[in-house]
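A short write-up of the structure that comes next.
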Amino acid sequence: MSTGEIIAAAREMMSFVLVLATPFLLAAVAASLAIGIFQAATRMNDLTLSFVPRFFAVLLVLFLAASWAGARMPAYIERAATAPISLRE
C-alpha cells in the first residue's frame, strides 16, 4: 500500500466517523444551548440540570438514529475489507 492509499483510507474513515457522530453531537449542542438559555434566564446554576437533559437528548437521538447508523456501517466495512491491497511497492 502506498502512502497515498493509506491517507485516502484514513480520510475516508475519519469522514465516515464524523458523519455517524454528527446527529449525536448536534443533539448535545442543541440541548446545551436550550439549557444554557434557561439557566441564564432563571439564574439557576445546577450541574444536574445541565447534565441530565443533555444525556436524555443524546439517548433519544441514539434510539432514533441507531438504525440509520447501523445501515451505513456494513457498507463501509465491506468497502474497506474488499479494497485492493498491493503488497509490492
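The values are calculated or read from the model by the stated rules, or taken from the named source; none is laboratory data. The shown structure was predicted, so the numbers you read here are calculated from the model rather than taken from an experiment. Heads up, the Cβs are rebuilt from the backbone with ideal geometry, glycines too, and the neighbour counts pull from every protein chain shown. Each accessible area value is taken on the protein alone, full model and side chains, heavy atoms only, with ligands, DNA and RNA left out. Shrake-Rupley method; radii C 1.70, N 1.55, O 1.52, S 1.80 Å.
Please go through the range 13-37 and give me each residue that is under 20 Å from A83 (Cβ atoms) and either open to solvent by less than 50 Å² (accessible area, probe 1.4 Å) or of a type in the set (S, T, Y) (or both), ordered by number.
S15, F16, L20
List the pairs whose first member sits in the range 45-61 and is small (G, A, S), whose second member is surrounded by fewer than 17 Cβ atoms within 10 Å (Cβ to Cβ) and outside any helix (DSSP H, G or I), and whose Cβ atoms are under 9 Å apart, counting only residues at least 6 apart or on separate chains?
none
When only residues in the range 71-89 that are surrounded by fewer than 10 Cβ atoms within 10 Å (Cβ to Cβ) and not hydrophobic (A, V, I, L, M, F, W, C) count, which is modelled with the highest pLDDT?
P74
Please find, among A40, A10, the residue that is more than 30 Å from A81 (Cα to Cα), among the small types (G, A, S), surrounded by fewer than 11 Cβ atoms within 10 Å (Cβ to Cβ) and at pLDDT below 90.
After ruling out the rest, the residue left standing is A40.
In the range 43-70, which residues are more than 29 Å from E12 (Cα to Cα), open to solvent by 50 Å² or more (accessible area, probe 1.4 Å) and polar (S, T, N, Q)?
Within the range 43-70, N45, T48 meet the criteria.
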